[in-house]
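So the structure is just underneath, and the comments pick up after that.
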Amino acid sequence: MRRQCSVSSCRQQATGFSTHCDAHKQTLRRHGHAEQKGVTVHELRPYQERIRERRAKNPGNPTWALLERRWEALTAHAEATMARYAAGTPAITHERQTAEQLLTLRDSTSKDAVIDTVLALFAMNAHRPTRFQSDKAFRFQVARRVRGLAIANAGLSRDAKSGRLKRTYRDTPPRAMECLAASLESAFGVAGLRLAELDMREATTGEAERRQLAAALKDLQ
Ligand SMILES: [Zn+2]
């Protein structure tokens, strides 16, 4: 029986047991939703800049050091997972892949870059909620943009057995994407939501002030 792809705007036939055509099946796999478009570096940049500004404005605030501590704990846990695996303890594949990615990130990019990318995505989600098709699609974008930091910097990944870095460009399996996103969210999610809230409030205040000024200017004689 031939069925149409379940994406309503799509004219293609669904393939195999899937409810999607090949293209949408691949998008679902890569982005966590068949209709999610990947968040680009360019799109995320203004949100990252605002996080950097906030860092610069509040250098003594303990938030930043606490978030760094959380990143260190996450990578230490990943290191322990990989050490157990290297010693012969079986590991759940997507957990091992996530540990590998966390160590690759630790070795190839700065803590701030990882933290600010996650915080920026939370801010973007608050400002542009319709940009994300679902919570899962949001999590995939977090994982993709953070993973992209390592790819952009080095294109390196850690060999599971030898522990050495090697160049790879393979796609990360969906379960590993979810697992990476869950780790990042558990470490930075609360701060991400709080900073996004602050960001939204400032944006609304700015907007209210602009409206007041516009109204006041109209009354000027
Ligand atoms: Zn389709």
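The values are calculated or read from the model by the stated rules, or taken from the named source; none is laboratory data. The model shown is predicted, which means the values in this text are computed figures rather than measured ones. Positions of Cβ are backbone-derived with ideal geometry, glycine not excepted, and every protein chain shown enters the neighbour counts.
Assorted remarks:
- Candidate set from segment 12-40 (those that are part of a loop (DSSP other than H, G, I, E, B) and near the ligand (Cβ under 8 Å from one of its atoms)); member that is surrounded by the fewest Cβ atoms within 10 Å (Cβ to Cβ): Q12
- Within segment 200-217, not a single residue is assigned to a loop (DSSP other than H, G, I, E, B) and out of contact with any helix residue (DSSP H, G or I) (no Cβ under 6 Å at 6 or more places or on another chain).
- Members of segment 83-104 that are aliphatic (A, V, I, L, M) and surrounded by fewer than 20 Cβ atoms within 10 Å (Cβ to Cβ): A83, A86, A87, A91, I92
- Filter result for the condition that a residue is at pLDDT below 85, more than 20 Å from the chain's Cα centre (by Cα) and either in the same structural domain as M124 (by TED's automatic domain parsing) or under 30 Å from M82 (Cα atoms) (or both), over R170, R164: R164
- Pairs are defined by a Cβ separation below 9 Å, a sequence spacing of at least 6 or placement on different chains, a first member in segment 202-216 that is touching a residue at least 24 places away in the same chain (Cβ under 8 Å), and a second member that is part of a helix (DSSP H, G or I); the pairs so defined are A203/H127.
- The single condition among (1) away from the ligand (no atom under 16 Å from the Cβ); (2) exposed (fewer than 12 other Cβ atoms within 10 Å of the Cβ); (3) on the phi < 0 side of the Ramachandran plot that S8 does not satisfy is (1).
- Residue within segment 89-98 that is assigned to a helix (DSSP H, G or I) and among the hydrophobic types (A, V, I, L, M, F, W, C) present: no
Here is a yes/no grid of residues against (1) at pLDDT 95 or above; (2) aromatic (F, W, Y):
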| site | (1), (2) |
| --- | --- |
| E72 | yes, no |
| A80 | yes, no |
| D107 | no, no |
| D112 | yes, no |
| L121 | yes, no |
| F132 | yes, yes |
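- Take the conditions (1) modelled with pLDDT of 95 or more; (2) among the basic types (K, R); (3) within 16 Å of the ligand (Cβ to nearest atom); R2 misses just one of them, which is (1).
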